[in-house]
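To keep things clear, I will list the structure first and then write my remarks on it.
The values are calculated or read from the model by the stated rules, or taken from the named source; none is laboratory data. Computed from a predicted structure; not experimentally measured. Cβ placement follows ideal geometry from the backbone for every residue including glycine, while neighbour counts extend to all protein chains displayed.
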2 protein chains.
Amino acid sequence: MNAGPLAGLRVVEISAFVAAPLCGMTLAQLGAEVIRIDPIGGNIDVNRWPLTAEGNSIYWSSLNKGKKSITLDLKSDEGQRLATELICAPGNGAGIVVTNLPTRGWLDYDTLRALRPDVIAVTLTGNHDGTPAVDYTVNPSSGFPTATGPADGVTNHVLPAWDVAAGLYLALAVVGAERERQRTGEGQSVTLALSDVMLATVANLGYVAEVQVNGTGREPTGNHVYGAFGRDFATADGRRIMIAAMTGRQWAAITTATGLAERLAHIEPMLGVDLSTDGGRYQARDAIATVLTPWFAARTLSDVEELFTRHHVLHSVYRDFGQLVTEDPRCSAANPLFAEVDQPGIGTVLTPRSPLAFGRGEPGPAAAPVLGADTTSVLTGHLARTFEQVNALLNSGAVSDSSCGVAP
Amino acid sequence: MNAGPLAGLRVVEISAFVAAPLCGMTLAQLGAEVIRIDPIGGNIDVNRWPLTAEGNSIYWSSLNKGKKSITLDLKSDEGQRLATELICAPGNGAGIVVTNLPTRGWLDYDTLRALRPDVIAVTLTGNHDGTPAVDYTVNPSSGFPTATGPADGVTNHVLPAWDVAAGLYLALAVVGAERERQRTGEGQSVTLALSDVMLATVANLGYVAEVQVNGTGREPTGNHVYGAFGRDFATADGRRIMIAAMTGRQWAAITTATGLAERLAHIEPMLGVDLSTDGGRYQARDAIATVLTPWFAARTLSDVEELFTRHHVLHSVYRDFGQLVTEDPRCSAANPLFAEVDQPGIGTVLTPRSPLAFGRGEPGPAAAPVLGADTTSVLTGHLARTFEQVNALLNSGAVSDSSCGVAP
């Protein structure tokens, strides 16, 4: 197994919550050495829900897979000195830090650059002016809560989509800036505002131009796909299924599989629409659904699935998180994405590697570290401290190491 | 202005819909030369809604900003030969293709590798076994539609979050594989399944382990933040506002700004919860909301915003897409993310650059090309065709160029 496309990179992560930890984890899953620095006892996200019965954070372990963890007293001069020394340590692939913490003082780009002129500092902020924002407060202004779910009211997303996108943008920032450093020898500061991720995405998907050009925002469409035919239906056994037709062939598959082509054909003259186009099928969506609803209501999920698989209907089954884990074969070790991994403090859990499958190889699924388990090995391995010096740091409280009997 | 961290890369994109086009656009926004190849007349997404009154796709132009566009008869041997010649053209930063089309035949990795041994081929599929899936069908199985919105029923997302994440993963694949090629001289095939993006993300956020370890899936929480206090409230003037407390300081800001600390303090003994913790505030969320609701209902949005800004309450205002564009100063040319750009066929629209702000510079906001406008310049510039040869190709119908009077 190849070490991965990012082998040789060393990234220091000082982070909390979702986006910045996801960045570091994404880089680690592609072969980078990622060292997460936390205050002694952990950062503000160390006990974030969901917890196991023993009180360990499933959230924290899920977002820190494949990293090393060191704990420093970041309020002390000595802790800050060790952190900056690690960020700015020599080495062709080192000298990279990712953070979503305020970067004033010891973590300031200019401070770091004085220690290593080609340092790469990637920073996530809330808004572009530096004011705070989190996924929960970025989303309401995006327009999506008004367009999602029932037509009246607002529906918050549960998937922290802006945090996920921001984490991936941050990973791209690290690899992009390192590419430029390889070519020019120059480091740089890269910043990303979480609300700019939202704004750019809303514009990239056409919503901003639609308001400006057509003078109207997108109409809420409930569970309907916009601009094509697609929506959910209930089956006889109380399950729900989603179907969608993004192409003429996919639409033909629906009419063939259901045997309802003749009935559906009456919709064209009835409404004066052209069902051979995505737009026509979108305009006729309620009429189409009226014809299809009793067909689904008369059949069990397994009957529908058998027919739809045979006729290549683009479809899927609604599952809650429990059903996803217990029912869906893609969510199991039968999918090369996953392996059962022993996660300290949590248990044996289905653990993903990167969804990117590099032909030349990359690291497999890995557990998250125990908080502070790598402090001694990083100080001795990367900062050339002797064990005596590490002991002195442990005794002074400037650092802690959970792997050598000192409480993290 | 620096050309951007990905200057020198040339990426050929053969794509449709959201994820793969977003990949190419993301790379172009960081300085790569991205050439989109389409069939003559455009790919299946060329007329996708929303449209302008004239029938031009706002969707297509929004997802192809900063690229070049060439149109080839991809069903003909000559068109396929030109496409593979462009993908495999010599040059240190060339030899890269991104696609979400089936890669059998002329677009197969082994076929391309025979023409350029170090080619990088990045391919998006639906599922890891190659079967089709789109964002609309990946999402229902993710667990999120059951957990989002009202407790009964399912709520489809409107933001195509899996496509957005997949597009960013694909961009990371390109830059990661090119890094490995710089180091080793070797190209590779990289694949990404859209459903693996979903599955990895669900696991990365802890939902899979929660089911396995705690035996229960996440409870639906409507518009409440999970594991902390946060939700929406209605103001006296019919607007909605979101507040969240992810830290003790943010919780204190809410109690101070509303002046309701004394009333809220009764919740602790009433329910036996500890409001100094995220978990306690989550457990008491309905009681907290009961105390706060009349406070919001008695005040206008502007009164609440003034107080919340002064007291540093983490909050935001719900906006539909129209209100986002007309009300939110972040969604304007006052934000360095945006500029007003003339988009051919669409009009002058607020256009974003990359949300990543590289200190050493990167391209500014750019328009999308007109379909097929760059065919001649790419064939003469990159494939060393003479104008006579291009004319012969145009006359034979193997290629088209919208910039020289031949219909795309």
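Could you list all residues from the range A:320-336 that are within 7 Å of chain B (Cβ to nearest Cβ), under 21 Å from B:R218 (Cβ atoms) and not β-branched (V, I, T)?
Result: A:D320, A:F321, A:G322, A:L324, A:D328, A:R330, A:C331.
Is at least one residue of the range B:266-281 of a type in the set (D, E), within 10 Å of chain A (Cβ to nearest Cβ) and either surrounded by 15 or more Cβ atoms within 10 Å (Cβ to Cβ) or in a loop (DSSP other than H, G, I, E, B) (or both)? Yes, that holds for at least one residue. Residue count for the range B:5-40 under the criterion of being over 30 Å from A:G217 (Cβ atoms) and more than 20 Å from the chain's Cα centre (by Cα): the result is 7.
One residue stands out in the range A:228-238 among those that are touching a residue at least 24 places away in the same chain (Cβ under 8 Å), assigned to a loop (DSSP other than H, G, I, E, B) and of a type outside the set (A, V, I, L, M, F, W, C): the one that is nearest to the other protein chains (Cβ to nearest Cβ), namely A:T235. Evaluate the following for A:V164: is it of a type in the set (V, I, T) and assigned to a helix (DSSP H, G or I)? When the stated conditions are applied, A:V164 passes them.
Just one of (1) touching a residue at least 60 places away in the same chain (Cβ under 8 Å); (2) touching a helix residue (DSSP H, G or I) at 6+ places or on another chain (Cβ under 7 Å); (3) at the interface with chain B (Cβ under 8 Å from one of its Cβ atoms); (4) of a type outside the set (A, V, I, L, M, F, W, C) fails for A:N204. It is (1). Among the residues of the range A:89-128, those identified as without any contact (Cβ under 8 Å) to a residue 40 or more places away in the chain and either acidic (D, E) or buried (at least 21 other Cβ atoms within 10 Å of the Cβ) (or both) are A:T103, A:D108, A:D110, A:L112. Of the listed requirements (1) within 27 Å of B:D163 (Cβ to Cβ); (2) under 21 Å from the mean Cα position of the chain (by Cα), A:P132 misses just one: (1).
Taken together, the residues in the range A:152-191 that are over 30 Å from A:V225 (Cα atoms), among the charged types (D, E, K, R) and more than 7 Å from chain B (Cβ to nearest Cβ) amount to 3. So, A:G31, is that one crowded, with 21+ Cβ neighbours inside 10 Å and part of a loop (DSSP other than H, G, I, E, B) or not? Judged against the criteria, A:G31 is a match.
Remark: pairs (first residue in the range A:251-262, among the aromatic types (F, W, Y); second residue at pLDDT 95 or above; Cβ separation under 6 Å; 6+ apart in sequence or on different chains) = A:W251/A:A245. Annotation: A:G149 fulfils all but one of (1) buried (at least 24 other Cβ atoms within 10 Å of the Cβ); (2) in contact with a helix residue (DSSP H, G or I) (Cβ under 8 Å, 6 or more places away or on another chain); (3) at the interface with chain B (Cβ under 7 Å from one of its Cβ atoms); the unmet one is (2). Across the range B:292-323, the number of residues qualifying as in contact (Cβ under 8 Å) with a residue 60 or more places away in the chain, of a type in the set (S, T, N, Q) and touching a helix residue (DSSP H, G or I) at 6+ places or on another chain (Cβ under 9 Å) comes to 1. Report yes if some residue within the range A:249-259 is within 7 Å of chain B (Cβ to nearest Cβ) and out of contact with any strand residue (DSSP E or B) (no Cβ under 8 Å at 6 or more places or on another chain); otherwise report no. Looking for residues that are within 7 Å of chain B (Cβ to nearest Cβ) and out of contact with any strand residue (DSSP E or B) (no Cβ under 8 Å at 6 or more places or on another chain), one finds none in the range A:249-259, hence no.
In summary, B:A114 fulfils each of the numbered conditions (1) facing chain A (nearest Cβ under 10 Å); (2) more than 20 Å from A:V317 (Cβ to Cβ); (3) among the aliphatic types (A, V, I, L, M) with the single exception of condition (1).
When you scan the range B:69-78, do you find a residue that is within 24 Å of the chain's Cα centre (by Cα), crowded, with 24+ Cβ neighbours inside 10 Å and at pLDDT 95 or above, even just one? There is at least one residue in the range B:69-78 that is within 24 Å of the chain's Cα centre (by Cα), crowded, with 24+ Cβ neighbours inside 10 Å and at pLDDT 95 or above.
Is it the case, given these coordinates, that A:V225 is within 11 Å of chain B (Cβ to nearest Cβ), in contact with a Gly (Cβ under 6 Å, 6 or more places away or on another chain) and either not in a helix (DSSP H, G or I) or not small (G, A, S) (or both)?
Answer is no for this residue.
Kindly indicate the residue of the range B:18-49 that is at pLDDT below 95 and out of contact with any strand residue (DSSP E or B) (no Cβ under 7 Å at 6 or more places or on another chain) and also farthest from A:T201 (Cα to Cα) among those meeting that condition. The extreme case among them is B:I44.
Is one or more of the residues making up the range B:18-31 β-branched (V, I, T) and within 14 Å of chain A (Cβ to nearest Cβ)? Explain how you work it out, then say what you get.
Filtering the range B:18-31 down to residues β-branched (V, I, T) leaves B:18, B:26.
Subset that is within 14 Å of chain A (Cβ to nearest Cβ): B:18, B:26.
Looking through the range B:18-31, at least one residue is β-branched (V, I, T) and within 14 Å of chain A (Cβ to nearest Cβ).
When each of A:T235, A:T216 is tested for being among the polar types (S, T, N, Q), surrounded by fewer than 18 Cβ atoms within 10 Å (Cβ to Cβ) and in contact with an Asp or Glu (Cβ under 9 Å, 6 or more places away or on another chain), the lone residue that passes is A:T216. Residues in the range A:63-120 that are β-branched (V, I, T) and within 26 Å of A:G397 (Cβ to Cβ): 8 in all. A:F358 - would you say it is touching a residue at least 12 places away in the same chain (Cβ under 8 Å), under 30 Å from B:V119 (Cα atoms) and either buried (at least 16 other Cβ atoms within 10 Å of the Cβ) or not assigned by TED's automatic domain parsing to the domain that holds A:N47 (or both)? For A:F358, the condition - touching a residue at least 12 places away in the same chain (Cβ under 8 Å), under 30 Å from B:V119 (Cα atoms) and either buried (at least 16 other Cβ atoms within 10 Å of the Cβ) or not assigned by TED's automatic domain parsing to the domain that holds A:N47 (or both) - is met. Exactly one residue out of A:I267, A:I243 is of a type outside the set (K, R), within 28 Å of the chain's Cα centre (by Cα) and modelled with pLDDT of 95 or more, and it is A:I243.
Taking the conditions (1) under 20 Å from A:T99 (Cα atoms); (2) surrounded by fewer than 24 Cβ atoms within 10 Å (Cβ to Cβ); (3) not small (G, A, S) in turn, A:T184 satisfies each one other than (1).
Only one of the numbered conditions (1) over 30 Å from the mean Cα position of the chain (by Cα); (2) under 21 Å from A:A89 (Cα atoms) is not met by A:H382, and that is (1).
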